[in-house]
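Peer 1: Structure in structure tokens, see below.
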Amino acid sequence: MVKNGIPFQVIGGFDFFSRIEVRDVLSYLRLVNNPRDTEAFWRILNTPRRGVGEKFEKLIQDTCTEAGLFPMDLLSELHAFNIGELSDCPLTKGFSKKQLKVLAEFYAMYLDLVSNAYQLKMPEFIDFVIKRTDYLKHLETLDKDVLKDEESTLDRLGNIQELVNMAKSMLTEFKYFDRTA
């Protein structure tokens, strides 16, 4: 960013893009941009917590492997079935009704993000992602033992705000280049 003259402020250290909250938000953006980004999918599937444990994740992985699908393709296939017909869907084998509900809610949230991604500018979209996923509440309830440091929720909110500010700065830069081109 310095090389390109983009103003920014790193809050709390040099590894800004390695911070949990920044990586989480960027993972939502990555998945919206590329539904086959499995790394982003696994990062956000249970962020905020949705009751997805290791066994549930393994069931999803095994089902995807068996069906030759990416995780979001699996969710899309499940979504294509009518709720009343899910018992007829071979992809639901092994999933409880509660697990299917979690996947359906996650997919509905994803579709909402995708539909808004093209209507909002990036800074507004980042704000929408944070609100739609209830990410701020997640930060407040995140167990301290999960975090690698003792950074406060306010510091983490500041990092997310800095990500929004970076997106705003980039928009300003792109507008400048559009006028000079």
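The values are calculated or read from the model by the stated rules, or taken from the named source; none is laboratory data. What you see is a predicted model, and the numbers here were worked out from it, not measured in a lab. Glycine gets a Cβ as well: all are built from the backbone with ideal geometry, and neighbour counts include every protein chain shown. These area figures cover heavy atoms from the full protein model, side chains too; ligands, DNA and RNA do not enter into them. Shrake-Rupley method; radii C 1.70, N 1.55, O 1.52, S 1.80 Å.
Peer 1: Kindly indicate which of THR92, THR63, THR38 is among the β-branched types (Val, Ile, Thr), open to solvent by 50 Å² or more (accessible area, probe 1.4 Å) and over 22 Å from LYS137 (Cα atoms).
Peer 2: THR38
Peer 1: Would you be able to tell me the number of residues in segment 95-132 that are within 20 Å of LEU78 (Cβ to Cβ) and open to solvent by less than 90 Å² (accessible area, probe 1.4 Å)?
Peer 2: Residues in segment 95-132 being within 20 Å of LEU78 (Cβ to Cβ) and open to solvent by less than 90 Å² (accessible area, probe 1.4 Å): 17 in total.
Peer 1: Go through segment 16-25 and count every residue that is open to solvent by 50 Å² or more (accessible area, probe 1.4 Å) and either at pLDDT 95 or above or of a type outside the set (A, V, I, L, M, F, W, C) (or both). Outline the logic, then answer.
Peer 2: Kept after step one, since they are open to solvent by 50 Å² or more (accessible area, probe 1.4 Å), are these residues of segment 16-25: 17-18, 23.
Subsequent filtering for residues that are either at pLDDT 95 or above or of a type outside the set (A, V, I, L, M, F, W, C) (or both) retains 18, 23.
So the count comes out to 2.
Peer 1: Mind checking whether some residue in segment 55-66 is aliphatic (A, V, I, L, M) and modelled with pLDDT of 90 or more?
Peer 2: yes
Peer 1: Which of the residues that make up segment 26-54 are of a type in the set (A, V, I, L, M, F, W, C) and out of contact with any Phe, Trp or Tyr (no Cβ under 7 Å at 6 or more places or on another chain)? Before you say what the answer is, go through the steps one by one.
Peer 2: We begin by selecting, within segment 26-54, every residue of a type in the set (A, V, I, L, M, F, W, C); these are 26, 29, 31-32, 40-42, 44-45, 52.
Within segment 26-54, LEU26, LEU29, VAL32, ALA40, PHE41, TRP42, VAL52 qualify.
Peer 1: As an exercise: evaluate LEU69 against (1) assigned to a helix (DSSP H, G or I); (2) aliphatic (A, V, I, L, M); (3) out of contact with any Leu (no Cβ under 7 Å at 6 or more places or on another chain) and give the number of the one condition it does not meet.
Peer 2: (1)
Peer 1: From the list LEU120, LEU154, LEU136, which residue is in a helix (DSSP H, G or I) and modelled with pLDDT of 80 or more?
Peer 2: LEU136 is the lone residue from the list that is in a helix (DSSP H, G or I) and modelled with pLDDT of 80 or more.
Peer 1: Please give the number of the condition THR47 fails out of (1) under 18 Å from LEU139 (Cα atoms); (2) more than 8 Å from the chain's Cα centre (by Cα).
Peer 2: Going through the list (1) under 18 Å from LEU139 (Cα atoms); (2) more than 8 Å from the chain's Cα centre (by Cα), THR47 breaks only (2).
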